[in-house]
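A short write-up of the structure that comes next.
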Amino acid sequence: MERVIKKFSKKEVNRAGEILKENDPNHPDIVWAESVLTNWRSIHSYPINTFQATLREKLKHIDEKAFVAQRLKRSQSIILKLQRTESMQLSRMQDIAGLRAILSNIKKVRELETNYRNSHFNHELVNQKDYITEPKESGYRGIHLVYKYMNDHVPDYNGLRIELQIRTKLQHIWATSVETVGTFLDHSLKSSEGPREWLDFFSLVASAFAYIEKCTPIAKYSQLNEKQTFQEVIRVSKILEVEKKLSAYTVAASAISQDVKQGNYHLITLNLLTRRLNIRNFGRKRLEEANEQYTKIEKEINEGKPLQVVLVSADSVETLRRAYPNYFLDTREFIGKLLFIEKNISKGRFF
């Protein structure tokens, strides 16, 4: 496994974060700050890879149908988070390295969560959120566990934070559909920014999905019972023409261009104008090159190109499609769930 060398101190990392937060392209140290961010993000690759190996081993005994993916946070998202949270320091950001596990159902999610909580390893659990018992007002649901990486054999990476997200497939379908629609509305719906009618719609759908999974509904819709929630989902989705609009988003299979070489890392670039997706693959020994290309495309985005990009790791392109359907602009499963609700309500069935 290739190791990216740590080049900067935490003090330098935090200084770079303050410069980037100013969002001034003419700052005399902006190029330096960008290089610091690239290196700081890149060094998270080693600890997240070790966490992924552990996760896959656990899933063999809990849910063989689960799928796993990991990603390094986009620089634009990092900078926006620094700007939103005044006290945030770049060196302490918890989700630069994100690991995602999508399991079949709530029972298996809880089993994996318990397994992690009872694990005896050196990594320190520093933050935890149960958004299933207490969903966000936006409708987001899932389990977040944040660990501080500790390994005496590679002390340079000690203290880096890894965020593990554990979701059911239904929770995942909801979350990635929010990102897809946000892409075309040009608003960060997942950060509760954008048209109120769409924010309310997704929050309402999340409440319906919670009922399907026998979980806590979203607080602002708790006055609606199960039947009323499903009926409201159908009513609002027709007003917003959700099925029609979302069906028009999906990237056609012919518009997906893939590097013929196989690799452990995948640089996914989506052109928002042409709806063309490019997947460039990198082997483990080319990790540093992958991060350099990641940064290069992000600079093009900052210059105004209509692109989205992310560097992820998954075992196949099919897993990529399942783990990151928002980059394929794929909301077919979400639409299917809405039609499923409508069909069952019309027949007087509940869940």
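Only the coordinates and a few stated rules stand behind these numbers; no lab work does. Predicted model, so just to flag it, every value in this text is computed and none were measured. Backbone-built Cβ (ideal geometry, glycine too); neighbour counts: all protein chains shown.
Computed on segment 146-267, the Cα convex hull volume stands at 183 Å³ per residue.
With an 8 Å Cα cut-off and a minimum separation of 6 or more residues, compute the relative contact order for the chain in percent.
Values: 564 pairs, mean separation 57.9, N = 351.
Over the chain, the number comes to 16 percent.
Amide H contacts of Val310: Ile268, each under 5 Å away and 5 or more positions distant or on a separate chain (H built 1.01 Å from N in the peptide plane; Pro and chain starts excluded). Among 118-131, 100-113, sorting by the average number of other beta carbon atoms lying within 10 angstrom of each residue, highest first, gives 100-113, 118-131. Tell me whether segment 268-351 comes out rounded, prolate or oblate; compute the Cα gyration tensor, take square roots of the eigenvalues as a ≥ b ≥ c, and use a/c under 1.5 as the rounded threshold. Taking the square roots of the gyration eigenvalues as a ≥ b ≥ c, segment 268-351 is prolate.
Using the Karplus relation 6.51 cos²θ - 1.76 cosθ + 1.60 with θ = phi - 60°, the per-residue 3J(HN,Hα) values for segment 127-139 come to 7, 8, 9, 9, 8, 8, 5, 10, x, 5, 4, 5, x Hz, with x marking Gly and Pro. Rounded, prolate or oblate: which fits segment 39-169 when a ≥ b ≥ c are the square roots of the eigenvalues of the alpha-carbon gyration tensor, with rounded for a/c under 1.5 and prolate only if a/b beats b/c? Oblate, since a/c reaches 1.5 and b/c is not below a/b. Annotation: amide H of Ile43 has no partner in the under-5 Å range at sequence separation 5 or more or interchain, hydrogens built in the peptide plane.
Using every pair of distinct Cα positions in segment 21-91, the Kirkwood expression returns a hydrodynamic radius of 14.7 angstrom. Helix 75-84 and the longest principal axis of the C-alpha atoms of the chain enclose an angle of approximately 80°. Subtracting the Cα-Cα distance from 0.36 nm times the residue separation, let me have the gained length for Glu333 to Ser192 in nm, one decimal. Working it through step by step, the gained length comes to 48.5 nm. Kindly identify segment 86-138 as rounded, prolate or oblate by the Cα gyration tensor criterion: order the square roots of the eigenvalues as a ≥ b ≥ c, call it rounded if a/c is under 1.5, otherwise compare a/b with b/c, prolate if a/b is larger, else oblate. Cα axes put segment 86-138 in the oblate bin. The label point for Asn115 and the one for Asp24, both projected 7 Å from the Cα toward the Cβ, are 5.0 nm apart. Report, for the chain, the % of DSSP beta bridges that are antiparallel, rounded to 5. Here the share of antiparallel DSSP bridges comes out near 80 percent. Taken as Cα centroids, segment 166-194 and segment 1-77 sit 22 Å apart, rounded to the nearest whole angstrom. Summary of packing: across the peptides 16-29, 140-153, the per-residue average of other C-beta atoms within 10 Å ranks them, highest first, as 140-153, 16-29. Taking every alpha-carbon pair under 8 Å whose residues sit at least 6 apart, segment 19-153 reaches a relative contact order of 21 percent.
Based only on Cα atoms, what Rg/Rh ratio does the chain have, Rh being taken as Kirkwood's radius? Present the calculation step by step, with values, prior to reporting the outcome.
Working: Rg = 20.4 Å, Rh = 21.3 Å.
Rg divided by Rh gives 0.96.
Altogether, the Stokes-Einstein calculation at 10 °C and 1.306 mPa s, with the Kirkwood radius of segment 103-163 over Cα pairs as Rh, returns a diffusion coefficient of 122 µm²/s.
What does the net charge come to around Asn115 if you take all other residues with beta carbon closer than 14 Å to its beta carbon, with K and R at +1 and D and E at -1?
Numbers: positive: Arg56, Lys58, Lys60, Lys107, Lys108, Arg110, Arg117; negative: Glu57, Asp63, Glu111, Glu113.
Around Asn115, the surrounding residues sum to +3.
Computed from Cα atoms, the angle from the helix 106-117 axis to the main principal axis of the chain rounds to 30 degrees.
Here the Karplus curve 6.51 cos²θ - 1.76 cosθ + 1.60, taken at θ = phi - 60°, turns the phi angles of segment 39-44 into couplings of 5, 4, 5, 5, 5, 6 Hz, with x standing for Gly and Pro. Under 5 Å from the amide H of Val4 lie the amide H atoms of Tyr46, each residue being 5 or more positions distant or on a separate chain, with H modelled from the backbone and absent for Pro and chain starts.
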